[in-house]
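In what follows, a structure is listed as C-alpha cells, so that the remarks can point back to it.
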Amino acid sequence: MPKVAVVFADGCEEIEGLTQVDVLRRLGITCDMVGLTKLEITGGHDIKFSCDKILADDLYDYDLVSFPGGMTGAENLRDNDKLMGLMKKRHADGKWCAAMCAAPIAFDRYGLLQKANYTCYPGFEKDISSNNPQSTFSDDIVIVDSREKLITSRGPATALAFSYKIAETLGIDTSDLQNGMLYSYLMKQK
C-alpha cells in the first residue's frame with residue numbers, strides 16, 4: 001500500500017489538508033500528518049490540531065508528499081529551507097509531489113514548476129508563470145503532470161477531487177468511496 005505525507009504549517013487551509021488525510025486513510029493508505037516545525041498546528045481559521053510527526057529526512061521515503069494551501073501556511077512551507085531541500089531531491093528523483101490552492105508558490109520557489117502543467121488558487125498563476133515561462137497554467141480543478149510527477153489543485157472546494165486524484169495516481173480505486181461519500185452524486189448534480 002502506498003504511503004503519503006501531508007505537510008502542515010501554521011496558517012494552513014484546514015479543509016484542504018484534513019480532507020486529504022481523511023480520504024486517504026478511508027482508502028487504507030498510510031497517510032502521516034507531518035508538522036513543518038512542531039506537532040501542534042493552528043490553521044488559518046484558528047482550528048488547532050495535532051500532527052503525527054515533525055518534518056525529518058524520512059520525508060524522502062514517502063510515495064507522495066502533499067501540501068495544503070492557505071496563504072500563511074503556503075508561505076511557511078515556501079520559506080522553509082529544509083523542506084525545500086527534501087522536496088527538490090524528491091522531484092529530481094522522480095517522486096510524486098502535490099500541492100493545492102496557494103501552496104504551488106512553494107513549488108515555484110523550489111524550482112519544481114519550471115516545465116510543469118499546473119493549477120493553483122486563482123491569481124497566483126500570474127507570479128508563478130512569470131517565474132516559469134516554460135510552465136503551462138490551466139484552470140482545471142486538478143492537474144496531474146505525469147512527466148514532472150506533480151499534482152496540483154485550485155482551492156478549498158476542490159479538496160475532495162484532489163484527494164481522490166492523489167489516490168488514483170498511486171493506483172488506488174476510489175469509486176466505492178466516491179459513491180459512499182456522495183461525491184459521485186454531487187458531480188451528477190452539476
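The values are calculated or read from the model by the stated rules, or taken from the named source; none is laboratory data. Everything numeric here is computed off the predicted structure, so don't read it as measured data. We place every Cβ from the backbone using ideal geometry, glycine too, and count neighbours over all the protein chains shown. Note: accessible area is taken over every heavy atom of the protein model, side chains too, but ligands, DNA and RNA are not part of it. Shrake-Rupley method; radii C 1.70, N 1.55, O 1.52, S 1.80 Å.
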Per-residue SASA entry for Lys3, accessible area with 1.4 Å probe, Å² rounded to 10: 80 Å²
Once you charge only the Cβ atoms, +1 for Lys and Arg and -1 for Asp and Glu, what is the size of the charge dipole of the chain about its Cα centre, to the nearest 20 debye? 300 debye
Sorted largest first, the Cα spans of the stretch 121-190 on the principal axes come out in Å as 41, 26, 15
When ligands, DNA and RNA are left out and all protein chains stay put, how many square angstrom of accessible area per residue does the chain have with a 1.4 Å probe? 45 Å²
If you build a Gaussian network model of the chain, linking Cα atoms that sit under 10 Å apart, which residue out of Arg25, Arg147, Arg109 swings the most? Arg147
Mind checking which of Ala102, Ala74, Ala116 has the largest fluctuation in a GNM of the chain, springs on alpha carbons under 10 Å? Ala116
Can you give me the three principal axis dimensions of the stretch 77-148 from its C-alpha atoms, in Å, biggest first? 29, 25, 21
From the Cα gyration tensor of the stretch 118-158, with a ≥ b ≥ c the square roots of its eigenvalues, which class applies: rounded if a/c is under 1.5, or else prolate if a/b is larger than b/c, or else oblate? oblate
If you build a Gaussian network model of the chain, linking Cα atoms that sit under 10 Å apart, which residue out of Asn179, Asn117, Asn132 swings the most? Asn179
How far apart, in nm, are two points set 7 Å out from the Cα along the Cα-to-Cβ line at Asp176 and at Lys88? 4.3 nm
Counting helices only, and only those DSSP H runs with n ≥ 4, report the 222 nm mean residue ellipticity of the chain as the sum of -39,500 (n - 2.57) divided by its residues, in deg cm²/dmol to the nearest 500. -10500 deg cm²/dmol
Just for the chain, what percent of DSSP beta bridges are antiparallel, to the closest 5? 25 percent
Going by average Cβ neighbours within 10 Å, how do the peptides 153-160, 171-178, 137-144 rank, with the highest at the top? 153-160, 137-144, 171-178
Cα-based radius of gyration of the chain once divided by 2.2 N^0.38 Å, which approximates compact folds: 0.94
Extension gain from Thr37 to Glu168, taking 0.36 nm per residue of separation minus the Cα-Cα distance: 44.2 nm
Per the charge dipole of the chain (beta-carbon charges, Lys/Arg positive, Asp/Glu negative, Cα centre), the residue among Ile143, Val23, Ala9 reaching farthest to the positive end is Ile143
Considering only protein heavy atoms and a probe of 1.4 Å, how much of the accessible area of the stretch 1-147 is carbon and sulfur, as a whole percent? 47 percent
Cβ-placed point charges (K, R +1; D, E -1), dipole of the stretch 117-169 about Cα centre in debye, nearest 20: 80 debye
